[in-house]
Amino acid sequence: MYMNKKMKLLALLLGVMVMMLGLSGCNKNSRAHVEKQFADLGKIYPTKNVEDLFKVFPEGFQIIYTHSKDSDGKDISYFINVSGNPENKRIKGIVEKKITVVNNGISDMKMLYKHNIELTKEGWKSLDKDYTLDDIVKETQFLFQKNTFNKNILSSYKIIESNYNSNISAYHIAYYLNNDLLSLNNLDISKKDEAKNFILSFTRNNESNKYIEINMSTPLSFKSETIIEKFKE
């Protein structure tokens, strides 16, 4: 009887030790652990037709997209924020164009316009009579429409950092952009001597405000995309 109690106590202690070892071995900041959080990227990247996102997010979605490029010391930015309505399957929102000029270290940003737009099967169209789409807006493709990302592909990239932010329950990982991605996404590569600043990053929150954010940046260009698993009017 005494022996059985000793054996049970020993088994319990061993179980606790194994559990503690397992917890200590799970480093939420490690590359392996963080990349696991993005293992299902393949269900979105790539998605050629934006309306196919309704198959992934039947309750609707929101896409926030930014494209900026430095030109002669002026930063021209296009900001697109559209939502996919799960009831009528319409994808519409706004487009903004801004310019930022830096003088003596001080940034001055001006809004050039803000208009209503919609993405149809025929492409982007203006919903405002006083606005004709810029060519760059007409030709806008989201990052998920032409990029392929999955766990295997991420593991092949040269990593910069990986971490978990417990305050907002978000995972973040950053890599160096390779030549294929730079070319595919038409990013500026004129400052090749600053290759350390050619960065690809992923951020993900799986809690109440579920989203995936992808950033691609070089010294003179930037593209960002956030997909939120929630419809917003």
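Any read-out appearing in this document is the output of simple, stated calculations on the displayed coordinates, not a laboratory observation. It should be emphasised that the depicted structure is a prediction, and the values quoted were computed from it without experimental measurement. FYI the Cβ positions are ideal-geometry reconstructions off the backbone, even for glycines, and counts take in every protein chain you see.
So which aspartates and glutamates pass the test for residue 192, namely a Cα distance under 17 Å, with those fewer than 8 places away in the same chain ruled out? Partners found: 70, 180.
Here the calculated FRET efficiency for residue 51 and residue 148, from their Cβ-Cβ distance with R0 = 25 Å, stands at 0.85, rounded to the nearest 0.05.
Pairs from the table (97/232; 138/158; 97/223; 97/210) lying more than 24 angstrom apart at Cα are 138/158; 97/210. Using C-alpha pairs below 8 Å separated by at least 6 residues, the relative contact order for the chain is 22 percent.
Remark: spin-label model distance residue 127-residue 103 equals 3.7 nm, labels positioned 7 Å along the Cα→Cβ axis. Among the listed pairs 55/191; 196/230; 114/230; 36/121; 121/230; 89/196, a Cα-Cα separation exceeding 32 Å is found for 55/191; 196/230; 36/121; 89/196.
Since only 99, 209, 142 are under comparison, the one whose Cα sits farthest along the positive direction of the charge dipole of the range 28-228, derived from C-beta charges on Lys, Arg, Asp and Glu, is 209. Considering only 200, 112, 132, and ranking their Cα positions along the charge dipole of the range 93-223 that arises from unit charges at the beta-carbon of Lys, Arg, Asp and Glu, the one farthest toward the positive end is 200.
Full extension of the chain between residue 230 and residue 209 yields a length gain of 6.7 nm, computed as 0.36 nm times the residue separation minus the alpha carbon distance.
Taking Cα atoms only, the orientation of helix 2-25 departs from the longest principal axis of the chain by about 20 degrees. Between residue 92 and residue 114, the modelled label-to-label distance comes to 1.8 nm, taking each label 7 Å out from Cα in the direction of the beta carbon. What are the trypsin sites (Lys or Arg not before Pro) within the range 62-142 that DSSP puts in a loop, where the Cβ has at most 15 other Cβ atoms within 10 Å? When the trypsin sites (Lys or Arg not before Pro) of the range 62-142 are filtered for loop state and at most 15 Cβ neighbours within 10 Å, 89, 90, 121, 129 remain. When +1 charges are put on Lys and Arg Cβ atoms and -1 charges on Asp and Glu Cβ atoms, the dipole computed for the chain relative to its Cα centre reaches about 1080 debye.
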